[in-house]
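Peer 1: What follows is a single structure, and I will ask about it in a moment.
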Number of protein chains: 2
Amino acid sequence: VVFIMSIHDEFEFIKQITPKGRLKPDILVGIGDDAAVIRPFEQTDIIACTDTMVEDVHFTRKTMNPYQVGYKALAANISDVAAMGGKSSYYLVSLVVPSNWSQQELIEIYKGMEDLANQHDTVLIGGDTVSTKGPLVVTVTVLGRIKSNKNLKRSDAVPGDLVFITGTVGDSAAGLHILLYEKDSNTYLINRHQLPSPQTEAGLLLSSFDRVALNDISDGVASEAIEIAEASNVDIELNESMLPLSKDILAFGRDQAIKWALYGGEDYQLIGTVPTENWDELERVFIKNRIRVTRVGEVHKGTGKVYLKKEESLFELKKQGYNHFKNGDRNE
Amino acid sequence: VVFIMSIHDEFEFIKQITPKGRLKPDILVGIGDDAAVIRPFEQTDIIACTDTMVEDVHFTRKTMNPYQVGYKALAANISDVAAMGGKSSYYLVSLVVPSNWSQQELIEIYKGMEDLANQHDTVLIGGDTVSTKGPLVVTVTVLGRIKSNKNLKRSDAVPGDLVFITGTVGDSAAGLHILLYEKDSNTYLINRHQLPSPQTEAGLLLSSFDRVALNDISDGVASEAIEIAEASNVDIELNESMLPLSKDILAFGRDQAIKWALYGGEDYQLIGTVPTENWDELERVFIKNRIRVTRVGEVHKGTGKVYLKKEESLFELKKQGYNHFKNGDRNE
């Protein structure tokens, strides 16, 4: 029974959010029963993660339209799966809906998720929709898969490893800044904020290496590097001059760009470490697959600290948030 | 980084919610990385479902304490897995936290979940905690397992089947009524509302039968029977005099008790259908395992309608909600 004020025609709503076409053979029961049932592939482990976005905390009506809210909520999860070296397969959605979101807007949220899901061969298998007098809340849970024993943990960094980052960092925070404060627009940076691209392909390439420590960049380079350093009980030294920055972000000045890269977050790129002797091969594989990867630092013996090397000085980096309206969050 | 206002000591918070003891061998990566990694058992399918509870929609501070909020949010999901004939194994938690919930109360929510989880051999493997200016939102995702091809769908009812219900129904709604409106208390009924018992064992017993159509009773007997009837394209006739009612609920009068049973919901018992020739065996197995099961009606040819037989008259039942502050919700 639907008592959600926004949903006037339940049948039409469910029809619109149900995945089109035939179910994949590994989905034995899809959307529409008490629970979904899936069949694992042989020699394959299951990855599971969940991530929540709250209106006026992670986005506002001004910074993101409903399609983008859905797209990004799913992207954050696909990114977590990629950071384990895995491939997303299924997702479940919990939508907590205030009365001022229309049925059409809810369908747009699902459409944003579905379009990204299709790019990653990922299928909606269940969910829950409830009403609220508070803000909109979108919680997405993604199940993914990875060949047995191939998962990439953040605790596997070893002194002597090189540190690398995929793509460019800071762009999402710059895009948000433009949406909130600038008169001039910049489609590239705004897109990086509203429609981020989780790095599934990069994660898969990395999973073929013997040992990689890996994190996705949801909270900024500083915070993610610290998580790797702490989990691996090593120190990490990042070279400020090597951080991969887009030309669009550099238009705001190098100091500002570095701040966004370190503390902005939501880039959903990957940061990781690899043994020095594997670096050439890693770079070769990434070039072949046309994915940007940049060496940014190295791993030293230590106790979980991260230092930024700027010219010949070292500054210790701390976990800190930056975003304007973001109160922040925590992933377990 | 924790910016959640309620959480003052992140390290202590995470320590308190992390499952105690050694990880089970099927959990390769538990709480604390980008995502969890689990190893499926052989010849076993994976069940997945998600369910959300919102403050002032599904509960209030008056009707449920934090421990009970956690317990019940997980119970709703374990119940969905049981309704597929499966056993819950892992859960992920998204907590959306307003500033007026304290760190101790958040830990109580997790404690309520953990106590129920331990009863069902189910382990926390991940989650997300974010802040909000709105009400508390708890979203739980449960992964369960079931022997390959043994899942029990709601679409498998066939004319000639008998309809059964486990336990008693209506107790949760009666408990809520007492909490909201009565001066005298009733521990049994209030417990049924605050600390419901998902019927994992009953679901497992049912999964050993060749064909059972099954639903859990989250929205009331009427609504759940209609879901089975619609999914199976049959009609169901329920006998009003056979509905299993506790003696505590009957103290409110039979008519009121029946209303609670049909429309109250949140009993998390199971309703299902089974071929007539299997009924004696089913009853025997349930008696042996000391689980109450009651035959309540039968399945006829039809088009998805449910009728209540009272004395010699038939009334068609409609999906409708009942709860006092519950705006309602929808499961996909």
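Peer 1: Is it the case, given these coordinates, that A:Ser241 is within 14 Å of another protein chain (Cβ to nearest Cβ) and either touching a Lys or Arg at 6+ places or on another chain (Cβ under 7 Å) or closer than 30 Å to A:Gly160 by Cβ (or both)?
Peer 2: No; evaluated as a whole, the condition is false for this residue.
Peer 1: Mind checking which residues of region B:282-304 are surrounded by 18 or more Cβ atoms within 10 Å (Cβ to Cβ) and either modelled with pLDDT under 95 or over 21 Å from the mean Cα position of the chain (by Cα) (or both)?
Peer 2: B:Leu282, B:Gly297, B:Glu298, B:Val299
Peer 1: Inspect all residues belonging to region B:206-229 and state whether any of them is within 14 Å of chain A (Cβ to nearest Cβ), on the phi < 0 side of the Ramachandran plot and in contact with a Cys (Cβ under 9 Å, 6 or more places away or on another chain).
Peer 2: For region B:206-229, residues within 14 Å of chain A (Cβ to nearest Cβ), on the phi < 0 side of the Ramachandran plot and in contact with a Cys (Cβ under 9 Å, 6 or more places away or on another chain): absent.
Peer 1: Separate question: Limited to region A:26-46, what total is found for residues that are farther than 29 Å from B:Ile217 by Cα and not hydrophobic (A, V, I, L, M, F, W, C)?
Peer 2: Number of matching residues: 4.
The values are calculated or read from the model by the stated rules, or taken from the named source; none is laboratory data. None of the values given here were measured: they were computed from a predicted structure. Heads up, the Cβs are rebuilt from the backbone with ideal geometry, glycines too, and the neighbour counts pull from every protein chain shown.
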